[in-house]
1. Averaged over peptide B:113-121, how many Cβ atoms belonging to another chain are found within 10 Å of each residue's Cβ?
2. Starting from the exponent 0.38 and prefactor 2.2 Å, build the expected Rg for the protein assembly as shown from its residue count and divide its actual Cα Rg by it.
3. Using the Cα centre of chain A as origin and beta-carbon charges of +1 (Lys, Arg) and -1 (Asp, Glu), tell me which of A:61, A:36, A:14 is placed farthest towards the positive end of the dipole.
4. Hey, rough spin-label estimate for residue B:286 and residue A:69, points 7 angstrom out along Cα→Cβ, what's it come to in nanometres?
5. Mind checking the mean number of beta-carbon atoms from other chains within 10 Å of the Cβ atoms in A:116-125?
6. Connecting C-alpha atoms closer than 10 Å in a GNM of chain B, tell me which of B:54, B:117, B:195 has the biggest fluctuation.
7. Output the peptides A:256-265, A:23-32, A:58-67, B:142-151 sorted from most to least packed, where packing is the average of other Cβ atoms within 10 Å over each peptide's residues.
8. Between residue B:13 and residue B:193, what length comes free when the chain is fully extended (0.36 nm per residue of separation minus the Cα-Cα distance, one decimal in nm)?
Amino acid sequence: MFTTVAIILDGFGFAAWLFLSSVGLTLIYGVMRILNISHGGFYALGAYSAAWAIGLYTQTGNTIALTYLIIPVAAIVVGILTGLLVERGLLRFMYGHEEVLMVLVTYAVFLILEDVTKLIWGTESYVAYQPAFWLGTVDVAGIPYTIYKFLIIGIAVAVGAGLYWGLNHTRVGKLLLVVIHDREVSAALGINVTLFFTVTFVIGTTLGALGGALTAPEISVVPGIGAEVIVMAFAVIVIGGMGSIGGAMIGAVIVGFARAMSVHLYPPVEMFSIYLVMAVVLAVRPYGLFALAEGRKI
Amino acid sequence: MKDFDKTEWALVIAFPVLLALMVLLPRWLVNYVQISMGMGLVALAVMIQMRAGLVSFGQGLYFCVGGYAAGMADKFLGISDIFLILILAVAASLVLSGVLGLLLRRYREIFFAMLTLAVSMILFSLLSSSHGLGSTDGFNLPQASYLGWTPTGETGTAALYVLTALLTLTSAALIHRFLRGPVGKIVEAIRENELRVEYLGTSAHASVHATYMIAAVISSIGGVLWAMSLGHVTPEMANWTTSGQFVFIVILAGTGNVIAPLVGTFVLEVLRVYAVEVSPNTWQMILGIVMLLTIVFLPKGLWSLLERASKRSLPHEHAQEQSQ
């Protein structure tokens with residue numbers, strides 16, 4: 001009973017974190033057909049900037065509540081600035097190339113962002129536990145669980161619902177679906193595809209940075225977190241089907257629970273279980289659970 | 001010997017040159033030559049897959065299999081004979097790539113790239129959490145022995161250097177033959193248009209699988225040689241960032257010739273030594289910028305510059321050979 005509750009709580013906790021860290025990746029892939037390896041770099045930038053800003057703010061000794069505002073603000077500022085810089089400054093010149101070449105381009109961007117992070121914040125670790133600590137814990141069936149985790153679960157649900165609503169019930173979202181479906185026809189219809197690409201990329205990178213910023217209070221922010229998260233995020237979106245937001249949600253829940261189960265039942269296989277789930281899903285459904293089949297071009 | 005082409009002659013000549021370098025160059029530089037030969041084989045493995053349009057972001061998997069085969073042979077079986085170790089490593093990589101290939105050969109482009117990455121990360125995470133193998137710290141390897149002869153000190157280093165040079169050059173020559181042979185040609189055709197390859201009556205899956213297995217074997221040989229000369233293995237060998245470096249080498253050097261990734265690895269290793277000393281926190285940034293510049297301005301890598309130069313000087317007879 002104890003273990004079951006713990007698995008369920010941690011499963012949703014992991015799932016929320018995974019969804020927030022990977023939804024930007026799947027969004028960018030869905031719209032732009034770019035598998036953005038630099039997503040890990042944006043995650044790290046978000047985590048560092050939030051941890052750094054929280055550290056500065058708590059030293060001033062001002063009111064606590066504002067700290068929770070710092071997290072999204074840091075993520076949005078970093079995500080928009082660097083996202084715009086990367087898309088306008090580099091990626092837009094590369095559109096139309098093969099998908100696999102874009103992987104290499106974004107890998108190069110990832111390498112650059114890694115060192116930018118090191119140059120700005122150095123190589124020592126940053127700890128910004130305060131936002132998670134201040135909220136305290138709550139007992140769920142006898143297990144103390146940090147309220148901050150519930151907050152993250154709530155934010156993950158809100159982001160997922162917001163994206164779903166935005167895509168399916170707003171004019172812009174519907175136009176975006178048209179662009180996803182056929183880039184050339186939508187350009188011919190007078191949709192500004194370039195603008196949609198820029199906006200999508202910036203939203204995607206901001207979500208990546210937000211994932212990092214929200215995680216910052218729970219971990220110690222060190223170099224290398226970006227390289228770890230990109231692999232995990234890829235596992236999540238590939239299970240659900242790349243480009244599908246619903247798929248990312250399902251993928252996050254599957255991976256989250258696989259990880260929670262191994263953590264509580266047999267810890268040594270924690271990371272292994274994630275890839276195992278992915279391998280099993282792909283062996284059965286080669287392009288993920290919710291991916292649409294595409295015709296082969298002769 | 002008489003049907004050797006230019007590349008194969010170059011590889012033959014490279015052997016005495018490498019031996020001369022061992023005597024002439026300072027000790028530390030010889031060390032880098034040796035280490036980059038092991039890594040160069042892995043870059044070569046990435047290169048032959050790149051010819052099929054397949055980017056392997058997980059070649060570190062077999063690099064690591066080779067390294068750990070060498071380490072575990074000594075740790076658990078008490079084997080330090082390098083030939084036995086090589087046989088074990090090749091067998092392990094053949095079995096593993098044979099099985100994984102069944103899954104991976106169905107994928108192309110980004111799916112192949114990311115799945116090879118994921119598979120490699122499985123091994124990384126397994127090794128990182130196995131205490132018997134030293135977790136993330138890895139463990140040390142013994143001095144290599146050669147059919148009962150266990151040289152130590154300077155002789156030992158020299159013996160390993162000679163064997164490394166011999167194996168690297170032989171592997172490169174065999175890979176060159178492979179690329180010129182039927183499967184090598186099919187693999188290039190797959191990159192252009194896979195469906196048409198199948199209409200012509202060949203199995204694209206089988207060719208991709210064969211290429212994948214060959215790449216696995218030479219990567220594991222590279223892993224053994226690298227680990228034996230360094231005397232230490234860590235799970236980091238299978239991390240995707242390690243594999244990313246091999247991809248970088250091939251992008252920079254180009255897929256034009258088997259010599260390109262070998263030379264590219266050495267140049268990169270030497271550059272790294274200086275860059276890390278001068279400014280440790282900008283090395284990856286330099287890599288990233290160079291990679292972007294190469295992709296934009298030299299999509300076929302540095303080797304294409306060499307080809308262009310030699311085409312200009314030899315306009316007629318060698319024009320066809322240059323494309324090899």
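1. Values: counts 8, 11, 6, 0, 6, 9, 3, 2, 10.
For this peptide, the per-residue mean of nearby foreign Cβ atoms is 6.
2. Values: Rg = 25.3 Å, N = 622, 2.2 N^0.38 = 25.4 Å.
Relative to the 2.2 N^0.38 Å estimate, the protein assembly as shown comes out at 1.00.
3. So the residue we want is A:36.
4. 4.5
5. Numbers: counts 5, 1, 6, 4, 0, 0, 1, 2, 0, 0.
Per residue, the number of nearby Cβ atoms from other chains is 2 on average.
6. Of B:54, B:117, B:195, the Gaussian network model singles out B:195 as fluctuating most.
7. On the way: A:256-265: 19.2, A:23-32: 27.3, A:58-67: 10.9, B:142-151: 14.5.
Ranked by mean Cβ neighbours within 10 Å, highest first: A:23-32, A:256-265, B:142-151, A:58-67.
8. Details: separation 180, 0.36 × 180 = 64.80 nm, distance 3.70 nm.
Contour length minus Cα-Cα distance gives 61.1 nm.
Every number in this text was worked out from the coordinates using simple rules, so none of it is lab data. Since this is a predicted model, take the numbers as computed values, not measurements. Reconstructed Cβ throughout: ideal geometry from the backbone, glycine too, with neighbour counts over all protein chains shown.
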